[in-house]
Structures are given as structure tokens and as C-alpha cells.
Amino acid sequence: MSLQIAPLQKEKHAQTKINTASPFAFAQEQHILPVVVQEFVRIGAEMPIVFIKDAASDRFDVVAMLGLQTGENLMVADGKWQGFYVPKVLWNHPLILADDPGKEGQLLVALVESSPMVNTETGHPLFNEDGSESDFLKARVEIMREFFQQSQTTRIFNKALADLDLLVPQTLTIKLEGKPREITGIYIVDEKKLNSLSDEQLLDLNKRGMMPAIYAHLMSLQQVQRLGDRVNKAAAVAA
């Protein structure tokens, strides 16, 4: 089903409610999600954090792996999150920030109207009876604003690593049902290159607060097998 997205308007959406009974069902088939550096430590305790490269722009983005293949999300079942920490990008659906077609470079709050979470009967109202924004909407907008700002910081982080030539392609190998499987198409920080940086370069990264995120990323790679264990467990139950 194609997404139907519309700018949020109090006249049009006065009666709209968001049912959060199954808040993550929309992400059931997403095997990767964009993340921000501010959440690396918490995400890295449960999921691998890796970099992917846009072939058209050569830009690197950083994502959390939720599955081992396209269309597989091992962290969502029956619309519920199966881990402890929920990545920030998932918090606000079906509300999103979208480009304002009338104002270049500006963003506006939009609603994924085609989402099953959107209705007029049950859930959290977006607007109060007097037309003012509900506390639910205000809280979601603030979270989106914060996430956007942190995304800008994360882009700077990604570019800094790329400029230092620290990101290298990597093949990860895990065991699934006793057999090895290779995961390709990802990039990680090369520890040897990191350790060979000059004192000045390392000091700069440290002053910019980037070193903790780098180490959190490297430590998170140990979680790849944890995803594999989820696959193995599901296969054992099915058998």
C-alpha cells in the first residue's frame, strides 16, 4: 500500500486520533533504521550499528541493523518492540517531518494518513476541542525537533569519519542454524586506521565528542550474532 502523507492541519485533522496499541507494526519489514550519535551507546548494547554508502552521492549514513536480510525485522513482533531501547526514529510514527512545498528549505509536521494507527474513534487526539494542540502532539513535535537537530550532528560525525578515510567496507559472518552467512554492503570504522591517526587528529575527534560514539559503534558489532541467535531461536521453535 502506498503511503498517503498530508500536512497536519487543525481544520482537517480536528477529530484525528492516534491508536498506539501496536505502535511498531509499520516497521515490521524494515531491516535497518537511521540512528543518531546521541543514542549509539544504548542502541549498541542490543543491535549492531553500521554505515551504509549512497552510491549516487557517496554520502555515508549510519543505521542500526534490525534484521539480517531485506524485509526482516527481528526486533518487532506483533507490532511490539522486542528489545529494551526503542530507536528515536520510531517514536513518532505516523507523524513525520516533511519538506514544506511552499517554503524551500523549511520543514512541516505531516501525517501518514494511510497508517492503520490513524482514526477518529480511539487513541490520542492530536487537537483539543478548542483547536489547540494536544499535549500528545506537543510532545511528539518536540521529539521530532530534537531528532532533526541530532540528525544534523550525526551527518557531521559521518562526514568527519569519511574525510579521515576511516570507513571501510566489511563483510560480517555469523552462524545461522549451524551454517555461516555473510552480510555485505556495510561499512565500519577501521580500527587500525583509527589508531594510526596523528595525535592532533585524535585530539580533534575527542574535543568534538566523537570518540565515545566511535567506540560504541565498534562495540556494537558484537551484537550481530545476537540477531543471528534470534533467527536460530525462531527456527528452533518452528521446528
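Brief remarks follow.
- Helices (runs of 4 or more DSSP H) wholly inside segment 190-229 that include at least 1 residues being closer than 15 Å to I49 by Cβ and within 19 Å of the chain's Cα centre (by Cα): 211-220
- Between P212, P180, the distinction of being touching a strand residue (DSSP E or B) at 6+ places or on another chain (Cβ under 7 Å) and not β-branched (V, I, T) belongs to P180 only.
- Residues being out of contact with any Ser or Thr (no Cβ under 7 Å at 6 or more places or on another chain), at pLDDT 95 or above and not hydroxyl-bearing (S, T, Y) - total across segment 125-139: 6
- Where a residue in segment 171-183 is part of a strand (DSSP E or B) and its partner, wherever it lies, is loosely packed, with under 11 Cβ neighbours inside 10 Å and of a type in the set (D, E, K, R), with Cβ under 8 Å and at least six apart: T171/E182; L172/E182; T173/E182
- Test: K179 is basic (K, R) and modelled with pLDDT of 95 or more: no
- Among the numbered conditions (1) within 21 Å of P34 (Cβ to Cβ); (2) in contact with a helix residue (DSSP H, G or I) (Cβ under 8 Å, 6 or more places away or on another chain); (3) modelled with pLDDT of 95 or more, the only one that L111 does not meet is (2).
- Checked against (1) within 23 Å of the chain's Cα centre (by Cα); (2) at pLDDT 95 or above; (3) surrounded by fewer than 13 Cβ atoms within 10 Å (Cβ to Cβ); (4) not hydrophobic (A, V, I, L, M, F, W, C), Y85 meets all criteria but (3).
- Total residues in segment 1-14, condition touching a strand residue (DSSP E or B) at 6+ places or on another chain (Cβ under 8 Å) and in contact (Cβ under 8 Å) with a residue 60 or more places away in the chain: 9
- Consider segment 92-115 and keep the residues that are over 14 Å from Q9 (Cβ atoms) and in contact (Cβ under 8 Å) with a residue 60 or more places away in the chain. The one that is surrounded by the fewest Cβ atoms within 10 Å (Cβ to Cβ) is S114.
- Counted residues, segment 13-52 - those being part of a loop (DSSP other than H, G, I, E, B), within 15 Å of S220 (Cα to Cα) and not β-branched (V, I, T): 4
A quick yes/no check of all residues on (1) under 23 Å from K233 (Cα atoms); (2) surrounded by fewer than 19 Cβ atoms within 10 Å (Cβ to Cβ):
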{"position": "Q4", "(1), (2)": "no, yes"}
{"position": "H13", "(1), (2)": "no, no"}
{"position": "R59", "(1), (2)": "no, yes"}
{"position": "M65", "(1), (2)": "yes, no"}
{"position": "E72", "(1), (2)": "yes, yes"}
{"position": "V76", "(1), (2)": "yes, no"}
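- Scan of segment 160-189 for residues that are within 15 Å of F51 (Cβ to Cβ), surrounded by 14 or more Cβ atoms within 10 Å (Cβ to Cβ) and not β-branched (V, I, T), ordered by number: A160, L161, A162, L164, L166, L167, Q170, L172, Y187
The values are calculated or read from the model by the stated rules, or taken from the named source; none is laboratory data. Source: prediction; values computed, not measured. Note that each Cβ is placed from the backbone with ideal geometry, even for glycine, and that neighbours are counted across all protein chains shown.
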